[in-house]
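Read through the structure below, which is laid out as structure tokens, and then see the notes.
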Amino acid sequence: MGDRNSSDNAVDRDCYDDDDNHDDKIDDDGGDDDNGKVVLDFLDDATNEMTLGRRIALCLMNQSKTYDFATVADESIEIEDAPDVAVKKDTAGTSEDNVFMDGSSFDKETTHYDDKKPDLRRGWAYFEHAALYRYRDESIVGNHGKKKKKTKKNYELAVAGEHTVPTKLYSPFWTPHKQLGNFGLGIGLYFSTLRAMIVTTLLCGLLSLYNIIYFASDEYDSAPKVKSLFLWGSAICSSTTWVPCPTCQCLTITKGYTKFGYFPPDRCAYGNDNEELIFVVRNDCDGTAWQLAATNFGVVVFMLIAIMFIGWHLRREEKEFSKNHLTAQNYSIQITDPPHDAKDPEEWQRYFNEKCDGVQVTVCTCAVHNDLLVQTLVERRERIRYIQAIQPDISLDLIDLARISAEIWRERGFLQRLVSKISPGIPEHFSRLALLNMKVEGLSQLEYPVTNVFVTFETEKDQQHVLEMLMVGTKRAKKNNPTVLSDPKYLFRGEHVLAICEPMAPSDIRWTALNAGRAQRVKELLITTFITLFLIFLTAFLVYFAFSNGKDKKYNNTTKVFGSAVIISICNQSFPLFAKLLTNSVESHPSESSKQGSLYYKIALFRWMNSTVVFLMITPFTQTLTDDTSGDGLIPKMKALFITNMVISTTLALTDLGGHFRRHIMAPRKKTQDAMNICFQGSTYELAERYSDMTMILFMALFYCSIFPAAFFLCAINLTLKYVVDKFNLLRTWKIAPHIGSKVSKFSRLYFFPMAVVIMAILCSYFWSSFPFDDICSTEVVDENYIGEFELTPFDKETGSYYLDANETKLIVTSAANDPLYSFCNQDFMAPSTLGGFSFPFAGTTQNKIIDPDSYMTPEQLISTTYFGWSAFAILILGIVKIVWTFFHHWKRNMYGRYEAPLRDFQGIPYSALEKKSGYVPKANSDVFAYPLIACKVRGLNAALFDFTDSRRSHKFYDLTLDVEKLLSRSAMSSKEEDDLLVPGFSVVKYWSASSEEK
């Protein structure tokens, strides 16, 4: 082994070195910290407080030696032989990196915790105490575990890894709905939206009972009813008659299945083996009664009113959630265009104190444009972790690594060299690590401009006062015109008009992409949108291909319906994974909310098109009302999609196969505790995916509610399952996510819901104008060629015809002299526009060269569709105006607007009095670290500013500035700011106490 004390060759010491002074150090005397609080042992959790998975794992560890491949950490080693976590002792002889989850420490003179010996028990403890949400259990206090008198639970959210106060897991069943906002405003509003939509769709279903009962009656359809419970009360028409239609044109399966002006093979036949005697199917169900359209129109109006009420309700919920959960966001402002050299927090503190009536600044973060440096440092740490994962006891001295890498290179054969191209080994990681070291040395010497400043005040009133005085809008601030300010004294440095706004929540910010420009983000969004549209067309082709192949007799009708539905459901469930990969690799988003908004847009677009429009496009118009036994009907396809989505999504969510695989299979085989803990982080979820899943189900119900009114009940059932399952996953399997704001919720209620109601009105008017969906009209008395009895033969002998094959014997049709003769007449208002067929609004008064409503509509239908069609047109205009006005209002407010009073009421709690401050501290996430890496100097900061607590290490372990200081320790430049908190190339964060004394 090389010299472990050599600063020239050490790779790991800069990552793990400690400092003599630290704020969150834990004393080794008696298991108490420096504030006298008991440090809890997570391994001593009561069995009834554990998750079922943890109890099973502990049982398997005791019963089976093959389950736990990891070795329990029961040995000690000398500090010189502990390259991963060897640290410098403080004056008391303790080290904060020697603190374990149980609060104990090894002999402080010669021993050290061996992080290379993983303990599966600690992994499960990490899962429950750091990866899942917990609340502070104030019923147990003191050092002796005495219980307080029972009081009402307040469910105060505990910091991840809290080890000084007893905590409990939230119950997935009994946690009150109002507490869901503790996990982020976006999460709380998501569940509030779900609950509101469950009630709304249930009421819509009840309002549609008249249509449901009518469609199920003999008055509508005298034929025997379909057997499926889920299709009861739909507009499926089983009463049909074969009628002569000499001018009709029919398709064979070889010519395609959908073509304007042609009838599909199922609905075409010829008589007495004479191909010139054409017969087609006529629908005998009467869906033209004005009461049906009127009832459906009432549901549309109710939905329109309900959406407005839901908007008001969600704003109220947002206010309640904000009131119950104060964060640094409630006390802070963001300056988006500071002078590039304004890196001194003291200067900002003096400016606000002197210019803004003595407001008190508590924290100031000067963020610089160092994205590339931080990303390089993160990758450097990851490479070190990869090396340790391959060989935990390896020396990380540069000379030792070079020698080991050379030995491995020399011993490799052809196959090993080939495998290393796919799965890098120690030599590949070492080569990249050496390059990253040089890259860091170069990048850290550059000057980085300040691009954003976050200022946190002591009170909420101070924040509001500053926003009222200085917020002028981005456009006005860019012009730097002093006249936009009420007083010239507000000019920063006497010459700068600052662009000030309310910031995002600290955990919402993506610090490594905070400086991405607007033009760059638009370009990236266009690229990913194009890819999404291509995948939509590809999926539609696959569904059509599967469905058209199902025309072969060897496929039964149920198979082809559910087969296409399963393809769509699988695509809907798998596309979010691709969308996340696409978004993370191509797009740059300054905030998690912005990223979720982009994901929501792509996933929702894919799912809406896949689940509604695709089936409408591939189903022949005349098959819209066909029953489920034929396999071609539109309504059975939607029923199958509802069922498969409900079963597949619920099953996948509840089983959490990926999470169980990582915890029970991968974790026991990891070689270090940190690598094991990564397997226990929980399943990652995206709020955008949850919203898009909810809106997809709602959109399906609204899209087809006129011909499938029972879909409202299926929608309510789906959403109820989603509420229960998502709440369970949130509290038992999902990884703790950043506290996302209300952006996605606002997008839904301001844009999606109005758009959904508009589309609902348009599609309802379309379906009512299309009855009876058979594309034939009576023209004259039957001619002599069609008088008599005819034995019908399928037009396409290869595929046959359901309507004929359903009879055991050949179907005989009789035509009398006075029977009408039929001809093709277009009933589809959305016929191909290339033929001049698309006509809007879908009203009885609308005509063009290929559609004449008077030729097939009843008098009642003409009146009802006229009113419905033009009402839908009016709703469309109102929806467009509303969406455009909303977009313009927000754009104008951001560009030119002034501050608007918040929804919340002031709580009167000073920021310094908050127990969980979670300030604006730059950080970067990594898949190989259990906690985020910190991209600023940790020294001098209050530990409460961080939104995590690692009970095994201090926050300094995650300080990336220490890496740079170590790498630059051989040069003179590292001493330029030796007495300062500034580190070359990094953002600066400074904290002041309430008494204005520096911490």
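Table for the structure above
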{"read-out": "Under the Karplus curve 6.51 cos²θ - 1.76 cosθ + 1.60, θ = phi - 60°, whole-Hz ³J(HN,Hα) for the range 931-948, x wherever Gly or Pro sits", "value": "10, x, 8, 9, 9, 7, 6, 7, 4, x, 9, 5, 4, 5, 6, 8, 9, 8"}
{"read-out": "Simple spin-label estimate for ASP44 and LYS523 in nanometres, 7 Å along Cα-Cβ", "value": "6.0 nm"}
{"read-out": "Placed amide H near GLY985: partners under 5 Å, 5+ positions off or other chain", "value": "TYR448"}
{"read-out": "For LYS990, solvent-accessible area (1.4 Å; no DNA, RNA or ligand), Å²", "value": "30 Å²"}
{"read-out": "With all protein chains modelled, accessible area of PHE887 [1.4 Å, Å²]", "value": "130 Å²"}
{"read-out": "Candidate residues VAL983, VAL199: accessible-area rank, largest first, probe 1.4 Å", "value": "VAL199, VAL983"}
{"read-out": "Expected-Rg normalisation [2.2 N^0.38 Å, Cα atoms] applied to the range 384-497", "value": "2.04"}
{"read-out": "Karplus-derived 3J(HN,Hα), 6.51/-1.76/1.60, for each residue of the range 910-921, Hz, glycine and proline x", "value": "x, 4, 5, 8, 5, 6, 10, 7, 6, x, 7, 10"}
{"read-out": "Table column - 3J(HN,Hα) (Hz), the range 184-191, Karplus curve with 6.51, -1.76, 1.60, x for Gly and Pro", "value": "x, 4, x, 5, x, 5, 4, 5"}
{"read-out": "Förster radius 25 Å - calculated FRET efficiency between ASN154 and SER683, Cβ distance, rounded to 0.05", "value": "0.35"}
{"read-out": "Sites ALA406 and GLU379 - FRET efficiency at Förster radius 25 Å, r taken between beta-carbons, to 0.05", "value": "0.65"}
{"read-out": "Pair LEU577, SER969: separation of 7 Å Cα→Cβ label points (nm)", "value": "4.4 nm"}
{"read-out": "Added length on full extension, which subtracts the Cα-Cα distance from 0.36 nm per residue, GLU468 to SER855", "value": "132.8 nm"}
{"read-out": "Per-pair calculated FRET efficiency, R0 = 35 Å: TRP885 and LYS323 via Cβ, rounded to 0.05", "value": "0.75"}
{"read-out": "Segment ARG893-LEU538, extension gain: residue separation times 0.36 nm, minus the distance between their alpha carbons", "value": "123.8 nm"}
{"read-out": "Relative counts (whole %) of C-alpha pair distances in the range 241-384, using bins that are 10 Å wide", "value": "8, 15, 12, 13, 10, 10, 13, 12, 6, 1"}
{"read-out": "Full-extension gain in nm, SER486 to ASP218, via 0.36 nm per residue minus C-alpha separation", "value": "89.0 nm"}
{"read-out": "GLN391 versus GLU784: modelled label distance in nm, points set 7 Å from Cα along the beta carbon direction", "value": "10.1 nm"}
{"read-out": "The range 296-368: proportion of alpha-carbon pairs further apart than 14 angstrom, %", "value": "74 percent"}
{"read-out": "Burial order of peptide ranges 202-211, 122-131 (average beta-carbon count within 10 Å, highest first)", "value": "122-131, 202-211"}
{"read-out": "Share of carbon and sulfur in the accessible heavy-atom surface of the range 315-443 [1.4 Å probe, %]", "value": "54 percent"}
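The values are calculated or read from the model by the stated rules, or taken from the named source; none is laboratory data. Note that the coordinates shown come from a computational prediction; the quantities given were computed from them, not determined experimentally. Here Cβ is always computed from backbone atoms with ideal geometry, including for glycine, and neighbour counts include all displayed protein chains. For accessibility, only protein heavy atoms count, side chains too; no ligands or nucleic acids. Shrake-Rupley method; radii C 1.70, N 1.55, O 1.52, S 1.80 Å.
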